[in-house]
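Heads up: the structure comes next, in structure tokens.
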Amino acid sequence: MVLVFIDQADGHVKKASYEVLSYGAKVAEQLGTTAEGVVLGAVPADQLAALGKYGVKKIHHVANDALNHFDAQVFTKVIAQVAQAAGSKVIIFSNNVDGKAIAPRLAARLRAGLVPGAVALPETANGFMVKKNVFSGKAFATYTINSDIKIISLNPNSYQVTEGSGTAEVAPFNATVDAPKVKIKAVNKASGEVPLSEAEVVVSGGRGLKGPDNWALIENLAHALGAATACSRPVADEHWRPHHEHVGQTGLTIAPNLYIAVGISGAIQHLAGVNRSKVIVVINKDPEAPFFKAADYGIVGDAFEVIPKITEAVKKLKGMA
Amino acid sequence: MKILVCISKTPDTTAKIAFTDNNTKFAQDNVQWIINPYDEWYALVRAIELKEKDPSTVLHLINVGGADAEPVIRKALALGGDEAIRVNTTSTDSFYIASQIAEVARQGNYDLIFTGKETIDFNGSSIGGMVAELLDMPYVSLAIKFELNGTTATITREIEGGEEICEVNLPVVVSCQKGMAEQRIPNMKGIMGARTKPLKVLEPVAADTLTTVSSFGLPPAKAGVKLIPAENAADLVRLLHEEAKII
Ligand SMILES: Cc1cc2nc3c(=O)[nH]c(=O)nc-3n(C[C@H](O)[C@H](O)[C@H](O)COP(=O)(O)OP(=O)(O)OC[C@H]3O[C@@H](n4cnc5c(N)ncnc54)[C@H](O)[C@@H]3O)c2cc1C
Ligand SMILES: Nc1ncnc2c1ncn2[C@@H]1O[C@H](COP(=O)(O)O)[C@@H](O)[C@H]1O
């Protein structure tokens, strides 16, 4: 059986979870078995049953209040109980913030080989092999998992969500839940914004924008596109933008469908964080900017003139103007 | 107070990525090796700052690797730390590496274990979580701020679209990223001092190897950029809609 960890926040299933559900269902099909899901914390039952659309037959729901806040240690022990009770041989996570904290713990607990950052379905014809990104997106590696239980942590935005029909059986699971040792004191979330790691479109600004006062240019375009905003490292270092927007080798790695880079030179460390984007657009006034080599579309021009035109055209396309 | 900082060796961020032996090995010719940036800039420097604040702190570094990791370990010692431990193995399996770190941590009774967010070559982001599980310690991942008050740590960590502030009693394992500290350059005194600091070599304990790398590959090259004249900037939107079908 293939067990999929369904990540949620404040009772809402995260987008990344639909990807792992679709992926898990496909892996199960490949192995000639079924996929089931596990959800920790309070989520409305109808939302859980609806997850059947993504190919899981059954959802194990551990609705203990202590699980409404994330603690990797507590979550791991609960998932291990579900996995053992259900006899899971393959366990799937999203390689998002929570997945990065739990999957390795579970791997150590169950002595299960883990491939973190998988980008494709496993090859199961001859052993169990999983392709993952390495060298910060500059290459990939195929890993063989040698253990009986296998854990895959799928990179966000690397697998197409497939939505069908059907409802999942929701089975309450009675787990032993420890008291968390990590106490959450505060959560600061920029409300209403698209989280960068989940965004399908990202508009990103670099030092070419000259200063924080000019960011309306980026924000307006992002708003018109329903996109998240990002930035290069010097922009975050100089506090023009919050550091959680910094993408690249030492920042966040993202793989949106569309990445629009404005006034960013395209240093190799920046590319490492964005080169898995499906389509890259580069806007830079210097035709020699290295970013153009990694781009699909480019405009050589002054961002201050070009971006408002693009924003207008997007608004027109979307019927916003 | 005893701190253990996990140090890994990675190719320089500008290193050319290529493979040999029928795509089974990373081509190491002309590659400069550095301390993994997350380990150096964030984990190690924050640990050094904690020691500067409380000089009774004992700060140890650990690397699981072959003798070729020693120059990188000495570089780390030049920044700070009392001694380094190298567990002598060239395994690349995360569980095997984590088992070695956990064993040293168990023997040394550390209050605080820092790792980097991830290695920039393997991009696993998994050693810290595995070590924490093997030691049955809490784990706070992707930390961007770390403050210590007696034996209670207040840690800010990244979550999707924001941050979370949490409190935890030691011992704890923390994976560190940008925000924890500012990069430092080792000074002459540090470099000279590092030569005489102890670098203990231990043999590995038995542990399972759960994964192996079968092959490497490079992503297919891009077709090339399609340039749109700046005067026709609006054309970009049409192309993204009609040709790329992405908006
Ligand atoms: C170990 C290491 C790790 C690093 N990690 C990262 C990382 O994670 N992420 C990251 O981003 N960087 C990282 N860097 C830094 C990286 O090397 C570059 O210095 C950085 O990405 C440059 O940022 P930038 O492109 O915004 O600025 P610049 O390099 O200064 O480029 C600005 C660009 O804007 C263009 N421009 C100027 N005016 C205009 C205008 N009016 N209209 C249009 N274009 C204009 C210029 O032509 C230029 O190309 C790292 C460096 C090192 C050594
Ligand atoms: N061989 C190693 N020796 C010591 N520490 C390591 C080693 N490999 C990884 N680490 C630590 O674990 C962190 C995460 O590594 P990884 O899970 O491989 O991405 C790194 O930033 C290091 O702090």
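Computed quantities for the displayed model
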{"item": "Unmet criterion (only one of (1) modelled with pLDDT under 95; (2) within 26 Å of A:G113 (Cβ to Cβ)) for B:L202", "result": "(1)"}
{"item": "Count - residues of segment A:88-111 that are over 19 Å from A:K14 (Cα atoms), within 7 Å of chain B (Cβ to nearest Cβ) and not in a helix (DSSP H, G or I)", "result": "1"}
{"item": "Entirely in segment B:126-169, the strands (runs of 3 or more DSSP E) that have 2 or more residues that are buried (at least 18 other Cβ atoms within 10 Å of the Cβ), more than 7 Å from chain A (Cβ to nearest Cβ) and of a type outside the set (D, E)", "result": "B:139-149, B:152-159"}
{"item": "Hey, A:I254 closer than 24 Å to A:P156 by Cβ, within 9 Å of another protein chain (Cβ to nearest Cβ) and either β-branched (V, I, T) or within 16 Å of ligand 2 (Cβ to nearest atom) (or both) or not", "result": "no"}
{"item": "Any hit, segment A:215-225, residues being of a type in the set (G, A, S), within 11 Å of chain B (Cβ to nearest Cβ), away from ligand 2 (no atom under 16 Å from the Cβ) and under 30 Å from A:I92 (Cβ atoms)", "result": "no"}
{"item": "Within segment A:26-54, tally of residues that are in contact with a helix residue (DSSP H, G or I) (Cβ under 7 Å, 6 or more places away or on another chain) and either buried (at least 24 other Cβ atoms within 10 Å of the Cβ) or among the acidic types (D, E) (or both)", "result": "8"}
{"item": "Whichever residue in segment B:77-125 is more than 7 Å from ligand 2 (Cβ to nearest atom), touching a residue at least 60 places away in the same chain (Cβ under 8 Å) and among the small types (G, A, S) and, among such residues, is nearest to the other protein chains (Cβ to nearest Cβ)", "result": "B:S99"}
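Here is a yes/no grid of residues against (1) more than 14 Å from chain A (Cβ to nearest Cβ); (2) more than 22 Å from A:T142 (Cα to Cα); (3) free of Cβ contacts under 8 Å to residues at least 12 places away in the same chain:
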{"residue": "B:L4", "(1), (2), (3)": "yes, yes, no"}
{"residue": "B:A15", "(1), (2), (3)": "no, no, no"}
{"residue": "B:N30", "(1), (2), (3)": "yes, yes, no"}
{"residue": "B:D39", "(1), (2), (3)": "no, yes, no"}
{"residue": "B:I48", "(1), (2), (3)": "yes, yes, no"}
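For (1) at negative phi; (2) more than 8 Å from chain A (Cβ to nearest Cβ); (3) touching a helix residue (DSSP H, G or I) at 6+ places or on another chain (Cβ under 6 Å); (4) in contact (Cβ under 8 Å) with a residue 12 or more places away in the chain, each residue gets a yes or a no:
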| residue | (1), (2), (3), (4) |
| --- | --- |
| B:M180 | yes, yes, yes, yes |
| B:T196 | yes, yes, no, no |
| B:V205 | yes, yes, yes, yes |
| B:G217 | yes, no, no, yes |
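The values are calculated or read from the model by the stated rules, or taken from the named source; none is laboratory data. Being a predicted model, the structure only gives us computed values, none of them experimental. Note that each Cβ is placed from the backbone with ideal geometry, even for glycine, and that neighbours are counted across all protein chains shown.
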